[in-house]
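The values are calculated or read from the model by the stated rules, or taken from the named source; none is laboratory data. In this text the structure is predicted, and so the values were computed from the model without any measurement. Note: ideal-geometry Cβ built from the backbone for every residue, glycine included; neighbour counts use all protein chains shown. SASA here: full protein model, heavy atoms, side chains in, ligands and nucleic acids out. Shrake-Rupley method; radii C 1.70, N 1.55, O 1.52, S 1.80 Å.
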Amino acid sequence: MKYTSIFIFTVLLALSGKAFAQLSPGELAEPHAHLEGLSNCTKCHDLGKSVSNQKCLDCHDQLSQRISDNQGFHASTEVKGKDCIECHSDHHGR
């Protein structure tokens, strides 16, 4: 584990500009600022993929319950079936 961390740190130091943007396209919005950092990427993203709706709903459990109960805006036909990221893009900074 120690050598993996050193390797990741070394790779990050070597990256700059566009290459670094491939790892993090920008700062997270304020409500998710506590999730900054490479060690937290998989809390929202599946490896090699974009944001996972299920991971959003795992954290936002009250919203998940409202959707399950078919209540509120996120359960409406206007929103149902959309990916969370369509409206809630998060890497645009504070």
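Quick check, is HIS74 within 19 Å of ALA29 (Cβ to Cβ) and outside any helix (DSSP H, G or I)? Spell out how you get there, then give the answer.
Numbers: within 19 Å of ALA29 (Cβ to Cβ): yes; outside any helix (DSSP H, G or I): no.
For HIS74, the condition - within 19 Å of ALA29 (Cβ to Cβ) and outside any helix (DSSP H, G or I) - is not met.
Evaluate the following for ASP58: is it part of a loop (DSSP other than H, G, I, E, B) and either open to solvent by 60 Å² or more (accessible area, probe 1.4 Å) or touching a residue at least 12 places away in the same chain (Cβ under 8 Å) (or both)? So ASP58 fails the test. Listed by first and then second residue, the pairs with beta-carbon distance under 7 Å, at least 6 apart or on different chains, first residue in the stretch 63-89 and on the phi < 0 side of the Ramachandran plot, second small (Gly, Ala, Ser), are ARG66/GLY72; ARG66/ALA75; ILE67/ALA75; ILE85/SER50. Taking the condition modelled with pLDDT of 85 or more and either open to solvent by 60 Å² or more (accessible area, probe 1.4 Å) or in a helix (DSSP H, G or I) (or both), does LYS18 pass? Here the answer is no, as LYS18 does not meet what is asked. Consider LYS49 carefully, then state whether it is at pLDDT below 85 and within 17 Å of GLU86 (Cβ to Cβ). Yes, satisfied.
If you go through the stretch 79-94 and keep only what is in contact with a strand residue (DSSP E or B) (Cβ under 9 Å, 6 or more places away or on another chain), at pLDDT below 85 and open to solvent by 70 Å² or more (accessible area, probe 1.4 Å), you end up with nothing. Scanning the stretch 64-78 for residues that are in contact with a helix residue (DSSP H, G or I) (Cβ under 7 Å, 6 or more places away or on another chain) and either open to solvent by 100 Å² or more (accessible area, probe 1.4 Å) or modelled with pLDDT under 95 (or both) gives a single hit, ARG66.
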